[in-house]
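Inspection log for the structure reproduced underneath, given as C-alpha cells.
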Amino acid sequence: MALIFLDRTACAICQQTLKEGERISGFPAFTNNIKDPLYLFSDNGVHEQCFEHHSLKDEVDGLLTKFFDAAKSRRCFVDGQIIDKMGDAIQVGFITSDTSEELYNYNFIYINRKNLQSWVGRDHFVMLLRNFEEEGKYVGFGSFNSIDHLLQQIAQPVV
C-alpha cells in the first residue's frame, strides 16, 4: 500500500499536497510498467475527490477488485485448485490494462509450479510476454523488470 506522508506527498492526479483532514485514498503497488495508464495509481495516494472524477476510476476499481480477489483465492490457472503452499505459487500479477491485448486475460492469475509442465498454453503465454516486451509495451520503473522475472519463473523447464 502507498506510503503517504501528510503535508509532503502529492496527489498523483492533481499534484497538490495531501493534507491532514482531507479524504485520501492509497493504492497498492500493482504494476511497475510506466507505460500503462494505470501506473499513475500504482503505489500512490490521491484525494478521493480527484479519484471520483478521474476518467480511469471505474477501470482502477475493477482492477483492484480482481487484485484482491485473486490474492484471496490463490486458484491455479491451470487446474483450478487452490494453491496451499505459497512456495508453489507463481503470481502473475498485473500485466496490462489494455483489454485488446490477449495478455489482459492473464492479469492476476496464479500458477502452481507443479503444473508448469502440464500447462498446455505455457509456450503461448511465454510468447505473448516476450512480444509485449519486444514491442515496447512494457518499461519497468527502476531496475526490476517484472516481465523478465516472470519469464524466468515460467519459461524454464520444470525439474
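The values are calculated or read from the model by the stated rules, or taken from the named source; none is laboratory data. Since the structure is predicted, the reported quantities are computational estimates derived from the model, not experimental observations. Note that we place each Cβ from the backbone using ideal geometry, even for glycine, and neighbour counts take in every protein chain shown.
Overview of results
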quantity: Criterion violated by residue 60 - all others in (1) farther than 17 Å from residue 34 by Cβ; (2) part of a helix (DSSP H, G or I) satisfied; calculated: (1)
quantity: Close pairs from the stretch 108-136: first outside the structural domain of residue 94 (by TED's automatic domain parsing), partner charged (D, E, K, R), Cβ under 7 Å, at least 6 apart; calculated: none
quantity: Among the residues listed as 69, 79, 148, 84, the single one being without any contact (Cβ under 8 Å) to a residue 40 or more places away in the chain, part of a loop (DSSP other than H, G, I, E, B) and either within 14 Å of the chain's Cα centre (by Cα) or surrounded by 12 or more Cβ atoms within 10 Å (Cβ to Cβ) (or both); calculated: 79
quantity: Counted residues, the stretch 29-43 - those being at pLDDT below 95, touching a Leu at 6+ places or on another chain (Cβ under 7 Å) and not in a loop (DSSP other than H, G, I, E, B); calculated: 0
quantity: Qualifying positions in the stretch 10-28 - over 15 Å from the mean Cα position of the chain (by Cα) and assigned to a loop (DSSP other than H, G, I, E, B); calculated: 11, 12, 13, 14, 15, 16, 18, 19, 20, 21, 22, 23
quantity: Qualifying residue in the stretch 5-26 (condition: at negative phi, in contact (Cβ under 8 Å) with a residue 40 or more places away in the chain and touching a His at 6+ places or on another chain (Cβ under 8 Å)); calculated: yes
quantity: Where residue 95 falls short, out of the listed (1) more than 30 Å from residue 115 (Cα to Cα); (2) in a loop (DSSP other than H, G, I, E, B); (3) of a type in the set (A, V, I, L, M); calculated: (1)
